[in-house]
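Report on one structure; see the data block that follows.
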Amino acid sequence: MIVPETAEKIKSMEIRGAGRIARAVAVALRDHARSLQVQTPDAFRQEMEHAAKLLLATRPTAVSLPNAVHMVMAGLNHAKTTDEAKSGVIRRADEFITSSQHAVEQIAQFGASHIRDGDTILTHCNSEVALGCIIEAHRQGKKIEVFATEVRPRNQGLITIRTLNDAGIKTNFIVDSAVRTFINDVDLVIVGADAVTVNGAVVNKIGTAQVAHSAREARVNLMVAAETYKFAPRTILGEFIRIEERAGNEVLADDIARALPYVTVRNPAFDVTPSEYIDLIVTEKGAIPPQMAYVIIRDYLGWGIDEFHLAFGPGLNGE
Ligand code: RUB
(Lines give C-alpha, C1' and ligand atoms only; values in the text may rest on other atoms or scores of the structure.)
Protein backbone atom coordinates (compact mmCIF):
# COMPACT_ATOMS: atom_id res chain seq x y z
CA MET A 1 0.00 0.00 0.00
CA ILE A 2 2.86 2.36 0.62
CA VAL A 3 3.37 3.11 -3.09
CA PRO A 4 -0.14 4.42 -3.89
CA GLU A 5 -0.18 6.34 -0.59
CA THR A 6 3.18 7.97 -1.27
CA ALA A 7 2.11 8.77 -4.84
CA GLU A 8 -1.04 10.45 -3.55
CA LYS A 9 0.89 12.47 -0.96
CA ILE A 10 3.34 13.69 -3.62
CA LYS A 11 0.49 14.65 -5.97
CA SER A 12 -1.37 16.55 -3.27
CA MET A 13 1.93 18.11 -2.12
CA GLU A 14 1.68 16.73 1.40
CA ILE A 15 5.17 15.51 0.49
CA ARG A 16 6.86 18.30 -1.44
CA GLY A 17 10.25 19.79 -2.26
CA ALA A 18 12.50 17.96 -4.71
CA GLY A 19 14.79 16.31 -2.13
CA ARG A 20 11.99 15.11 0.14
CA ILE A 21 10.09 13.77 -2.87
CA ALA A 22 13.16 11.78 -3.96
CA ARG A 23 13.70 10.26 -0.51
CA ALA A 24 9.99 9.43 -0.12
CA VAL A 25 10.09 7.62 -3.46
CA ALA A 26 13.16 5.62 -2.42
CA VAL A 27 11.47 4.64 0.86
CA ALA A 28 8.28 3.63 -0.98
CA LEU A 29 10.16 1.48 -3.51
CA ARG A 30 12.25 -0.13 -0.76
CA ASP A 31 9.24 -0.98 1.39
CA HIS A 32 7.35 -2.23 -1.65
CA ALA A 33 10.27 -4.51 -2.53
CA ARG A 34 10.33 -5.83 1.04
CA SER A 35 6.63 -6.63 1.03
CA LEU A 36 6.50 -8.36 -2.37
CA GLN A 37 5.76 -12.09 -2.26
CA VAL A 38 6.51 -13.26 -5.80
CA GLN A 39 8.29 -16.35 -7.03
CA THR A 40 10.35 -15.26 -10.02
CA PRO A 41 12.77 -12.39 -10.67
CA ASP A 42 10.69 -11.45 -13.72
CA ALA A 43 7.52 -11.13 -11.67
CA PHE A 44 9.46 -9.10 -9.10
CA ARG A 45 10.78 -6.78 -11.79
CA GLN A 46 7.31 -6.32 -13.26
CA GLU A 47 5.84 -5.41 -9.88
CA MET A 48 8.67 -2.96 -9.21
CA GLU A 49 8.30 -1.34 -12.63
CA HIS A 50 4.59 -0.90 -12.05
CA ALA A 51 5.31 0.81 -8.72
CA ALA A 52 8.00 3.01 -10.30
CA LYS A 53 5.58 4.13 -13.03
CA LEU A 54 2.97 5.11 -10.49
CA LEU A 55 5.50 7.23 -8.59
CA LEU A 56 6.95 8.77 -11.75
CA ALA A 57 3.50 9.95 -12.84
CA THR A 58 2.95 12.10 -9.74
CA ARG A 59 4.80 15.35 -10.54
CA PRO A 60 6.64 15.99 -13.78
CA THR A 61 9.21 18.68 -12.98
CA ALA A 62 11.47 17.62 -10.09
CA VAL A 63 14.21 15.56 -11.78
CA SER A 64 15.21 14.20 -8.39
CA LEU A 65 12.19 11.90 -8.73
CA PRO A 66 13.22 9.98 -11.90
CA ASN A 67 16.84 10.11 -10.79
CA ALA A 68 15.95 8.49 -7.44
CA VAL A 69 13.75 5.89 -9.15
CA HIS A 70 16.53 5.08 -11.58
CA MET A 71 19.16 4.74 -8.84
CA VAL A 72 16.93 2.43 -6.77
CA MET A 73 15.79 0.33 -9.74
CA ALA A 74 19.43 -0.21 -10.71
CA GLY A 75 19.38 -2.68 -7.80
CA LEU A 76 17.56 -5.07 -10.15
CA ASN A 77 20.45 -5.17 -12.60
CA HIS A 78 22.22 -8.50 -12.86
CA ALA A 79 19.93 -10.12 -10.26
CA LYS A 80 19.47 -13.80 -11.04
CA THR A 81 17.09 -14.70 -8.23
CA THR A 82 14.14 -12.95 -6.58
CA ASP A 83 16.13 -12.66 -3.36
CA GLU A 84 19.01 -10.99 -5.18
CA ALA A 85 16.62 -8.57 -6.87
CA LYS A 86 14.95 -7.76 -3.56
CA SER A 87 18.18 -7.18 -1.66
CA GLY A 88 19.57 -5.17 -4.60
CA VAL A 89 16.64 -2.75 -4.53
CA ILE A 90 16.67 -2.46 -0.73
CA ARG A 91 20.42 -1.80 -0.70
CA ARG A 92 20.21 0.82 -3.47
CA ALA A 93 17.29 2.58 -1.77
CA ASP A 94 19.10 2.72 1.56
CA GLU A 95 22.23 4.02 -0.17
CA PHE A 96 20.22 6.74 -1.91
CA ILE A 97 18.47 7.85 1.29
CA THR A 98 21.72 8.00 3.27
CA SER A 99 23.67 9.79 0.54
CA SER A 100 20.82 12.27 0.04
CA GLN A 101 20.81 13.14 3.75
CA HIS A 102 24.57 13.45 3.68
CA ALA A 103 24.38 15.70 0.59
CA VAL A 104 21.98 18.06 2.37
CA GLU A 105 24.42 18.37 5.29
CA GLN A 106 27.43 18.80 3.01
CA ILE A 107 25.73 21.54 0.97
CA ALA A 108 24.87 23.37 4.20
CA GLN A 109 28.59 23.48 5.02
CA PHE A 110 29.71 24.58 1.55
CA GLY A 111 26.84 27.04 1.17
CA ALA A 112 27.40 28.62 4.59
CA SER A 113 30.99 29.42 3.61
CA HIS A 114 29.60 31.74 0.90
CA ILE A 115 27.53 33.66 3.45
CA ARG A 116 29.37 36.52 5.18
CA ASP A 117 28.92 37.86 8.66
CA GLY A 118 26.32 40.64 8.43
CA ASP A 119 24.71 39.41 5.18
CA THR A 120 21.06 39.88 4.38
CA ILE A 121 19.77 36.93 2.36
CA LEU A 122 16.63 36.57 0.28
CA THR A 123 15.09 33.15 -0.33
CA HIS A 124 12.08 32.10 -2.38
CA CYS A 125 9.86 29.07 -1.77
CA ASN A 126 10.84 26.41 0.74
CA SER A 127 14.05 24.62 -0.03
CA GLU A 128 15.54 22.26 2.50
CA VAL A 129 19.05 22.76 1.14
CA ALA A 130 18.82 26.55 0.72
CA LEU A 131 17.59 26.83 4.31
CA GLY A 132 20.31 24.41 5.40
CA CYS A 133 22.97 26.87 4.19
CA ILE A 134 21.30 29.80 5.96
CA ILE A 135 20.82 27.93 9.24
CA GLU A 136 24.39 26.63 9.17
CA ALA A 137 25.75 30.18 8.70
CA HIS A 138 23.66 31.28 11.68
CA ARG A 139 24.89 28.29 13.70
CA GLN A 140 28.46 29.35 12.93
CA GLY A 141 27.69 32.65 14.65
CA LYS A 142 27.33 34.82 11.53
CA LYS A 143 24.89 37.65 12.10
CA ILE A 144 22.40 37.30 9.26
CA GLU A 145 18.94 38.50 8.37
CA VAL A 146 16.55 36.91 5.86
CA PHE A 147 13.82 38.10 3.51
CA ALA A 148 11.40 35.24 2.75
CA THR A 149 8.68 35.46 0.12
CA GLU A 150 5.10 34.35 0.59
CA VAL A 151 5.10 32.02 -2.48
CA ARG A 152 1.64 32.19 -3.99
CA PRO A 153 -0.44 30.18 -4.53
CA ARG A 154 0.59 27.40 -2.10
CA ASN A 155 2.29 29.61 0.50
CA GLN A 156 5.42 27.54 0.99
CA GLY A 157 6.89 30.74 2.48
CA LEU A 158 4.97 29.96 5.67
CA ILE A 159 7.00 26.78 6.14
CA THR A 160 10.17 28.77 5.48
CA ILE A 161 9.45 31.48 8.05
CA ARG A 162 8.51 28.90 10.70
CA THR A 163 11.81 27.09 10.16
CA LEU A 164 13.79 30.33 10.26
CA ASN A 165 11.91 31.51 13.33
CA ASP A 166 12.54 28.20 15.11
CA ALA A 167 16.24 28.64 14.36
CA GLY A 168 16.12 32.14 15.90
CA ILE A 169 16.98 33.93 12.65
CA LYS A 170 15.73 37.48 12.12
CA THR A 171 13.31 37.20 9.19
CA ASN A 172 11.20 39.57 7.10
CA PHE A 173 8.14 38.01 5.43
CA ILE A 174 7.17 39.72 2.17
CA VAL A 175 4.67 39.19 -0.64
CA ASP A 176 6.21 37.86 -3.86
CA SER A 177 5.78 41.16 -5.67
CA ALA A 178 7.82 43.04 -3.02
CA VAL A 179 11.11 41.44 -4.09
CA ARG A 180 12.06 44.40 -6.33
CA THR A 181 11.33 46.81 -3.47
CA PHE A 182 13.64 45.07 -1.02
CA ILE A 183 16.35 43.68 -3.30
CA ASN A 184 18.65 46.67 -2.62
CA ASP A 185 18.71 45.65 1.06
CA VAL A 186 19.83 42.14 0.11
CA ASP A 187 23.44 40.86 -0.22
CA LEU A 188 22.76 37.35 -1.51
CA VAL A 189 19.84 35.38 -2.93
CA ILE A 190 19.77 31.65 -2.13
CA VAL A 191 17.24 29.29 -3.71
CA GLY A 192 16.89 25.57 -4.25
CA ALA A 193 16.24 23.69 -7.49
CA ASP A 194 13.86 21.14 -8.92
CA ALA A 195 16.09 20.58 -11.91
CA VAL A 196 19.40 21.81 -13.32
CA THR A 197 19.86 21.42 -17.07
CA VAL A 198 23.09 20.65 -18.91
CA ASN A 199 23.45 24.32 -19.87
CA GLY A 200 23.18 25.42 -16.23
CA ALA A 201 19.61 26.71 -16.28
CA VAL A 202 17.76 26.14 -13.03
CA VAL A 203 14.12 25.12 -12.79
CA ASN A 204 12.61 26.13 -9.47
CA LYS A 205 9.39 27.45 -7.93
CA ILE A 206 7.45 29.88 -10.07
CA GLY A 207 8.77 33.38 -9.43
CA THR A 208 12.41 32.34 -9.09
CA ALA A 209 13.20 33.78 -12.53
CA GLN A 210 11.67 37.12 -11.52
CA VAL A 211 13.68 37.11 -8.30
CA ALA A 212 16.82 36.35 -10.34
CA HIS A 213 16.02 39.16 -12.73
CA SER A 214 15.69 41.66 -9.88
CA ALA A 215 18.90 40.36 -8.31
CA ARG A 216 20.85 40.75 -11.56
CA GLU A 217 19.55 44.27 -12.09
CA ALA A 218 20.59 45.20 -8.52
CA ARG A 219 23.98 43.40 -8.85
CA VAL A 220 23.08 40.97 -6.08
CA ASN A 221 24.61 37.47 -6.33
CA LEU A 222 22.36 34.47 -6.72
CA MET A 223 23.39 31.10 -5.36
CA VAL A 224 21.51 27.87 -6.05
CA ALA A 225 21.74 24.97 -3.59
CA ALA A 226 21.18 21.66 -5.38
CA GLU A 227 22.21 18.07 -4.78
CA THR A 228 23.75 16.34 -7.81
CA TYR A 229 20.61 14.18 -8.25
CA LYS A 230 18.72 17.34 -9.23
CA PHE A 231 20.80 17.61 -12.40
CA ALA A 232 18.95 16.34 -15.46
CA PRO A 233 20.98 13.88 -17.60
CA ARG A 234 18.48 13.77 -20.43
CA THR A 235 18.86 17.47 -21.15
CA ILE A 236 22.17 16.42 -22.75
CA LEU A 237 20.02 14.79 -25.42
CA GLY A 238 18.03 17.97 -25.85
CA GLU A 239 15.10 16.90 -23.70
CA PHE A 240 13.22 19.74 -22.02
CA ILE A 241 12.12 19.77 -18.41
CA ARG A 242 8.34 19.65 -18.30
CA ILE A 243 6.90 22.49 -16.26
CA GLU A 244 3.99 21.32 -14.17
CA GLU A 245 0.80 23.35 -14.50
CA ARG A 246 -1.48 22.80 -11.54
CA ALA A 247 -5.22 23.28 -11.08
CA GLY A 248 -6.57 26.83 -11.41
CA ASN A 249 -8.44 26.57 -8.13
CA GLU A 250 -5.14 26.80 -6.27
CA VAL A 251 -5.16 30.43 -7.45
CA LEU A 252 -8.83 31.36 -7.73
CA ALA A 253 -11.73 29.68 -5.91
CA ASP A 254 -14.05 27.69 -8.19
CA ASP A 255 -17.16 29.76 -7.34
CA ILE A 256 -15.40 33.00 -8.30
CA ALA A 257 -13.94 31.44 -11.44
CA ARG A 258 -17.35 30.11 -12.50
CA ALA A 259 -18.72 33.66 -12.48
CA LEU A 260 -15.93 34.83 -14.82
CA PRO A 261 -16.42 32.83 -18.03
CA TYR A 262 -13.88 34.85 -20.02
CA VAL A 263 -11.13 34.34 -17.46
CA THR A 264 -8.75 31.39 -17.54
CA VAL A 265 -6.45 30.86 -14.60
CA ARG A 266 -2.92 29.78 -15.52
CA ASN A 267 -0.95 28.14 -12.73
CA PRO A 268 2.52 26.95 -13.70
CA ALA A 269 4.29 25.66 -10.60
CA PHE A 270 7.87 26.30 -11.79
CA ASP A 271 9.89 28.53 -14.07
CA VAL A 272 13.32 28.51 -15.68
CA THR A 273 16.16 30.80 -14.63
CA PRO A 274 18.86 30.99 -17.32
CA SER A 275 22.45 30.35 -16.30
CA GLU A 276 23.44 34.02 -16.93
CA TYR A 277 21.44 34.96 -13.82
CA ILE A 278 23.12 32.40 -11.61
CA ASP A 279 26.50 33.00 -9.97
CA LEU A 280 27.06 29.68 -8.27
CA ILE A 281 25.49 26.26 -7.85
CA VAL A 282 26.45 24.60 -4.59
CA THR A 283 26.34 20.80 -4.73
CA GLU A 284 27.59 18.20 -2.26
CA LYS A 285 30.61 17.75 -4.54
CA GLY A 286 31.51 21.42 -4.29
CA ALA A 287 30.45 24.77 -5.72
CA ILE A 288 30.43 25.19 -9.49
CA PRO A 289 29.58 27.96 -11.92
CA PRO A 290 26.34 26.99 -13.76
CA GLN A 291 28.31 26.52 -17.00
CA MET A 292 29.89 23.43 -15.42
CA ALA A 293 26.59 21.57 -15.04
CA TYR A 294 27.67 19.16 -17.79
CA VAL A 295 30.57 17.97 -15.65
CA ILE A 296 28.27 17.08 -12.75
CA ILE A 297 26.00 15.14 -15.09
CA ARG A 298 28.95 13.35 -16.70
CA ASP A 299 30.80 12.52 -13.49
CA TYR A 300 28.09 11.88 -10.94
CA LEU A 301 24.98 10.71 -12.77
CA GLY A 302 26.15 7.60 -14.53
CA TRP A 303 22.72 6.73 -15.79
CA GLY A 304 21.94 7.43 -19.37
CA ILE A 305 25.61 7.78 -20.22
CA ASP A 306 25.35 4.66 -22.42
CA GLU A 307 22.58 6.38 -24.32
CA PHE A 308 24.79 9.46 -24.72
CA HIS A 309 27.53 7.26 -26.12
CA LEU A 310 25.05 5.84 -28.61
CA ALA A 311 23.90 9.29 -29.57
CA PHE A 312 27.19 11.14 -29.67
CA GLY A 313 29.99 8.59 -29.58
CA PRO A 314 32.66 8.86 -26.85
CA GLY A 315 32.30 11.58 -24.21
CA LEU A 316 34.25 14.82 -24.29
CA ASN A 317 36.86 13.32 -22.01
CA GLY A 318 37.41 10.47 -24.46
CA GLU A 319 35.76 7.76 -22.35
C1 RUB B 1 9.47 23.28 -4.18
C2 RUB B 1 10.60 24.08 -4.75
C3 RUB B 1 11.92 23.98 -4.04
C4 RUB B 1 12.76 22.87 -4.68
C5 RUB B 1 13.99 22.55 -3.86
O6 RUB B 1 8.32 23.29 -4.99
O7 RUB B 1 10.50 24.71 -5.78
O8 RUB B 1 12.62 25.18 -4.15
O9 RUB B 1 11.98 21.68 -4.79
O10 RUB B 1 13.59 22.07 -2.61
P11 RUB B 1 7.02 22.52 -4.48
P12 RUB B 1 14.55 21.18 -1.71
O13 RUB B 1 6.64 23.12 -3.17
O14 RUB B 1 6.01 22.75 -5.55
O15 RUB B 1 7.39 21.06 -4.35
O16 RUB B 1 15.82 21.93 -1.55
O17 RUB B 1 13.80 21.03 -0.41
O18 RUB B 1 14.74 19.87 -2.42
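The values are calculated or read from the model by the stated rules, or taken from the named source; none is laboratory data. It should be emphasised that the depicted structure is a prediction, and the values quoted were computed from it without experimental measurement. Glycine also receives a Cβ, built like all others from the backbone with ideal geometry; neighbour counts cover every protein chain displayed. Ligands, DNA and RNA are stripped out before the accessible areas are found, and what is left, the full protein with its side chains, is counted by its heavy atoms. Shrake-Rupley method; radii C 1.70, N 1.55, O 1.52, S 1.80 Å.
Yes or no, residue by residue, for (1) surrounded by fewer than 16 Cβ atoms within 10 Å (Cβ to Cβ); (2) more than 24 Å from Val224 (Cα to Cα); (3) more than 16 Å from the ligand (Cβ to nearest atom):
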{"residue": "Val3", "(1), (2), (3)": "no, yes, yes"}
{"residue": "Ile15", "(1), (2), (3)": "no, no, no"}
{"residue": "Arg34", "(1), (2), (3)": "yes, yes, yes"}
{"residue": "Met73", "(1), (2), (3)": "no, yes, yes"}
{"residue": "Glu84", "(1), (2), (3)": "yes, yes, yes"}
{"residue": "Gly88", "(1), (2), (3)": "no, yes, yes"}
{"residue": "Glu95", "(1), (2), (3)": "yes, yes, yes"}
_Quick check on my filter: what residues within segment 1-20 are in contact (Cβ under 8 Å) with a residue 60 or more places away in the chain and assigned to a helix (DSSP H, G or I)?_
Ala18, Gly19, Arg20
*asked:* Scan segment 186-203 and tell me whether some residue there is surrounded by fewer than 18 Cβ atoms within 10 Å (Cβ to Cβ), modelled with pLDDT of 95 or more and within 20 Å of Thr273 (Cβ to Cβ).
replied: yes
*Inside segment 249-276, can you point out the residues that are over 21 Å from Gly17 (Cα atoms) and open to solvent by less than 60 Å² (accessible area, probe 1.4 Å)?*
Leu252, Ala253, Ala257, Val265, Ser275
*Just name the residue that is least open to solvent (accessible area, probe 1.4 Å) out of those in segment 156-171 that are within 16 Å of the ligand (Cβ to nearest atom) and either at pLDDT below 95 or of a type in the set (Val, Ile, Thr) (or both).*
Thr160
*Filtered residues of segment 229-247 (kept if within 16 Å of the ligand (Cβ to nearest atom) and either among the aliphatic types (A, V, I, L, M) or over 21 Å from Ala209 (Cα atoms) (or both))*: Tyr229, Ala232, Ile241, Ile243, Ala247
_Can you tell me which of (1) aliphatic (A, V, I, L, M); (2) more than 10 Å from the ligand (Cβ to nearest atom); (3) closer than 20 Å to Val179 by Cα; (4) in a helix (DSSP H, G or I) is the one Ile121 doesn't meet?_
(4)
*Under the condition of being farther than 16 Å from Glu128 by Cβ and of a type in the set (Val, Ile, Thr), which residue from segment 186-195 is farthest from the ligand (Cβ to nearest atom)?*
Val186
*From Ile174, Ile183, grab the single residue that is in contact (Cβ under 8 Å) with a residue 40 or more places away in the chain, β-branched (Val, Ile, Thr) and either in contact with a Ser or Thr (Cβ under 7 Å, 6 or more places away or on another chain) or more than 12 Å from the ligand (Cβ to nearest atom) (or both).*
Ile183
_For Arg23: the one exception among (1) open to solvent by 10 Å² or more (accessible area, probe 1.4 Å); (2) outside any loop (DSSP other than H, G, I, E, B); (3) within 18 Å of Glu84 (Cα to Cα)_ = (3)
*Return the total of residues in segment 277-297 being in a loop (DSSP other than H, G, I, E, B) and open to solvent by 50 Å² or more (accessible area, probe 1.4 Å).*
3
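Please go through segment 90-117 and give me each residue that is of a type in the set (Gly, Ala, Ser) and either without any contact (Cβ under 8 Å) to a residue 40 or more places away in the chain or farther than 20 Å from Val146 by Cβ (or both), ordered by number.
Matches in segment 90-117: Ala93, Ser99, Ser100, Ala103, Ala108, Ala112, Ser113.
Counting only residues that are within 13 Å of the ligand (Cβ to nearest atom) and over 14 Å from Met223 (Cα atoms), which one in segment 129-149 is most open to solvent (accessible area, probe 1.4 Å)? Outline the logic, then answer.
Of segment 129-149, the ones within 13 Å of the ligand (Cβ to nearest atom) are 129-135, 148-149.
Among the residues that remain, those that are also over 14 Å from Met223 (Cα atoms) are: 135, 148-149.
Numbers: Ile135: 53, Ala148: 1, Thr149: 2 Å².
Of everything passing the filter in segment 129-149, Ile135 is most open to solvent (accessible area, probe 1.4 Å).
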*asked:* Looking only at residues that are open to solvent by less than 50 Å² (accessible area, probe 1.4 Å), of a type outside the set (S, T, N, Q) and part of a helix (DSSP H, G or I) in segment 42-65, which one is nearest to Glu239 (Cα to Cα)?
replied: Leu65
